[in-house]
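The values are calculated or read from the model by the stated rules, or taken from the named source; none is laboratory data. Nothing here was measured: the structure is a model prediction, and the numbers come from that model. Backbone-built Cβ (ideal geometry, glycine too); neighbour counts: all protein chains shown. Ligands, DNA and RNA are excluded from the accessible area calculation, which covers all protein heavy atoms including side chains. Shrake-Rupley method; radii C 1.70, N 1.55, O 1.52, S 1.80 Å.
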Amino acid sequence: MKYGLVMEGGAMRGLFSAGVTDVLMENNIVFDGAVGVSAGACFGCNYKSGQNGRVIRYNLRFCKDKRYCSIRSLIKTGDMFGAEFCYHTMPDELDIFDYDEFNRNPMAFYVVCTDVETGRPVYKKLNTADYNGLEWIRASASMPLASRIVEVDGRKLLDGGISDSIPLSFMERHGFERNIVILTQPRDYMKKPNKSISLIKTAYKQYPKLVKSYAERPKMYNEQLEYVRTSEAEGKAFVIAPPKALDIGHIEHNPDKLLEVYRTGRKTALDNLDYILEFMGD
């Protein structure tokens with residue numbers, strides 16, 4: 001039996017997932033593989049590096065730093081979340097990412113990106129954490145309009161959530177028979193048509209397949225939620241979701257709000273810990 005972990009994105013809602021995964025790490029819950037989308041990739045990589053508490057620590061430390069996330073960074077660099085600062089300066093110098101432990105840990109770790117030329121998801125298995133690997137993680141979290149297209153390994157990539165927001169079926173296809181799925185929206189959430197589609201059509205008119213995927217994302221997302229519910233009913237998935245909508249935006253500079261969302265994730269995981277352990281066969 002292979003066990004997997006699926007981590008949805010959601011920008012700063014991902015701190016809910018960080019709270020959940022910190023509790024899982026504290027209770028020595030081991031997975032054979034994990035997949036992260038967008039913030040799920042950025043924050044979830046710390047599971048493989050074994051760095052409990054790192055996500056909330058650096059978010060609290062840098063949430064007001066304009067190099068981390070700001071309109072100024074968007075204007076100056078083309079990225080709302082500063083590419084060089086977030087994915088290289090910070091993990092290499094300011095809050096060290098444990099590359100060695102990531103590379104030693106046998107857990108498979110996948111990130112999901114969207115190929116802007118095909119509009120299709122790209123699943124990258126990161127066997128090692130290095131500059132190139134962090135660029136794949138950056139690509140997974142590069143939100144349209146708020147980020148530049150990331151070119152890595154001959155591909156042009158943006159946010160994985162455009163084409164595969166909740167990659168449970170991907171994990172099942174790759175032999176992970178039982179999966180914990182961390183959502184960042186409540187269980188009854190349904191995605192509505194995106195109001196920014198006209199801006200997307202203008203900004204990415206040279207990538208019509210990307211625009212099509214973006215336009216179809218609500219339908220795709222809602223179908224994936226239904227698939228998750230079905231897998232849960234069949235005992236193949238265990239879902240952890242916020243009890244209500246999280247009071248946080250894609251961008252958040254208030255450390256109290258960041259901490260509140262993180263603590264909600266911790267409480268939700270602790271409330272479900274006995275069920276999680278049972279699901280994991282412990």
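Looking at (1) open to solvent by less than 40 Å² (accessible area, probe 1.4 Å); (2) out of contact with any strand residue (DSSP E or B) (no Cβ under 9 Å at 6 or more places or on another chain); (3) at pLDDT below 95, can you tell me which one PRO218 breaks?
(3)
Let's see how each residue does on (1) crowded, with 20+ Cβ neighbours inside 10 Å; (2) part of a loop (DSSP other than H, G, I, E, B):
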{"position": "SER17", "(1), (2)": "yes, no"}
{"position": "ASP22", "(1), (2)": "yes, no"}
{"position": "PHE31", "(1), (2)": "yes, yes"}
{"position": "CYS45", "(1), (2)": "yes, no"}
{"position": "GLY50", "(1), (2)": "no, yes"}
{"position": "VAL55", "(1), (2)": "yes, no"}
{"position": "ARG61", "(1), (2)": "no, no"}
{"position": "ARG67", "(1), (2)": "no, yes"}
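Conditions first: (1) within 17 Å of PRO106 (Cα to Cα); (2) open to solvent by less than 10 Å² (accessible area, probe 1.4 Å); (3) assigned to a helix (DSSP H, G or I). VAL35 passes all but one, so which condition is the exception?
(3)
Determine if segment 188-201 includes at least one residue that is surrounded by 13 or more Cβ atoms within 10 Å (Cβ to Cβ) and either hydroxyl-bearing (Ser, Thr, Tyr) or touching a strand residue (DSSP E or B) at 6+ places or on another chain (Cβ under 7 Å) (or both).
The answer is yes; a qualifying residue exists.
Being free of Cβ contacts under 8 Å to residues at least 24 places away in the same chain and not hydroxyl-bearing (Ser, Thr, Tyr) is the filter; apply it to segment 69-83 and report the residue that is surrounded by the fewest Cβ atoms within 10 Å (Cβ to Cβ).
If we take residues in segment 69-83 being free of Cβ contacts under 8 Å to residues at least 24 places away in the same chain and not hydroxyl-bearing (Ser, Thr, Tyr), then ILE75 is surrounded by the fewest Cβ atoms within 10 Å (Cβ to Cβ).
Would segment 184-197 turn up any residue that is aromatic (Phe, Trp, Tyr), touching a residue at least 40 places away in the same chain (Cβ under 8 Å) and in contact with a Phe, Trp or Tyr (Cβ under 7 Å, 6 or more places away or on another chain)?
Scanning segment 184-197 turns up no residue that is aromatic (Phe, Trp, Tyr), touching a residue at least 40 places away in the same chain (Cβ under 8 Å) and in contact with a Phe, Trp or Tyr (Cβ under 7 Å, 6 or more places away or on another chain).
Kindly provide the set of residues from segment 154-191 that are farther than 21 Å from ALA34 by Cβ and not aliphatic (A, V, I, L, M), ordered by number.
Within segment 154-191, GLY154, ARG155, LYS156, PRO186, ARG187, ASP188, TYR189, LYS191 meet the criteria.
Only residues that are surrounded by fewer than 17 Cβ atoms within 10 Å (Cβ to Cβ) and over 30 Å from ALA215 (Cα atoms): list them for segment 108-129, please.
ASN127, THR128
Considering every residue within segment 5-13, establish whether at least one is among the charged types (D, E, K, R), modelled with pLDDT of 95 or more and open to solvent by less than 10 Å² (accessible area, probe 1.4 Å).
The initial filter retains those residues of segment 5-13 that are among the charged types (D, E, K, R), namely 8, 13.
From the residues that got through so far, the ones that are modelled with pLDDT of 95 or more too are 8, 13.
With the extra rule that they be open to solvent by less than 10 Å² (accessible area, probe 1.4 Å), the set shrinks to 8.
Taking every residue of segment 5-13 in turn, at least one turns out to be among the charged types (D, E, K, R), modelled with pLDDT of 95 or more and open to solvent by less than 10 Å² (accessible area, probe 1.4 Å).
From the list ASN132, ASN105, which one is among the polar types (S, T, N, Q), in contact with a helix residue (DSSP H, G or I) (Cβ under 8 Å, 6 or more places away or on another chain) and surrounded by fewer than 19 Cβ atoms within 10 Å (Cβ to Cβ)? Reasoning before the result, please.
Working: ASN132 fails: in contact with a helix residue (DSSP H, G or I) (Cβ under 8 Å, 6 or more places away or on another chain).
Of ASN132, ASN105, the one residue that is among the polar types (S, T, N, Q), in contact with a helix residue (DSSP H, G or I) (Cβ under 8 Å, 6 or more places away or on another chain) and surrounded by fewer than 19 Cβ atoms within 10 Å (Cβ to Cβ) is ASN105.
Here is a yes/no grid of residues against (1) within 20 Å of the chain's Cα centre (by Cα); (2) open to solvent by less than 40 Å² (accessible area, probe 1.4 Å); (3) without any contact (Cβ under 8 Å) to a residue 12 or more places away in the chain; (4) more than 20 Å from TYR58 (Cα to Cα):
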site	(1), (2), (3), (4)
GLN206	no, no, yes, yes
THR230	no, no, yes, yes
ILE240	yes, yes, no, yes
ALA245	yes, no, no, yes
ARG263	yes, no, no, no
LEU270	no, no, no, yes
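Would you point out which residue out of GLU223, GLU278 is more than 23 Å from VAL30 (Cβ to Cβ), without any contact (Cβ under 8 Å) to a residue 40 or more places away in the chain and in a helix (DSSP H, G or I)?
Result: GLU223 is the single residue among GLU223, GLU278 that is more than 23 Å from VAL30 (Cβ to Cβ), without any contact (Cβ under 8 Å) to a residue 40 or more places away in the chain and in a helix (DSSP H, G or I).
Scan segment 212-253 residue by residue and report those that are among the acidic types (Asp, Glu) and within 25 Å of MET280 (Cβ to Cβ).
GLU226, GLU232, GLU234
Taking segment 79-138 as the search range and keeping residues that are closer than 17 Å to TYR47 by Cβ and of a type in the set (Val, Ile, Thr), which one is modelled with the lowest pLDDT?
THR128
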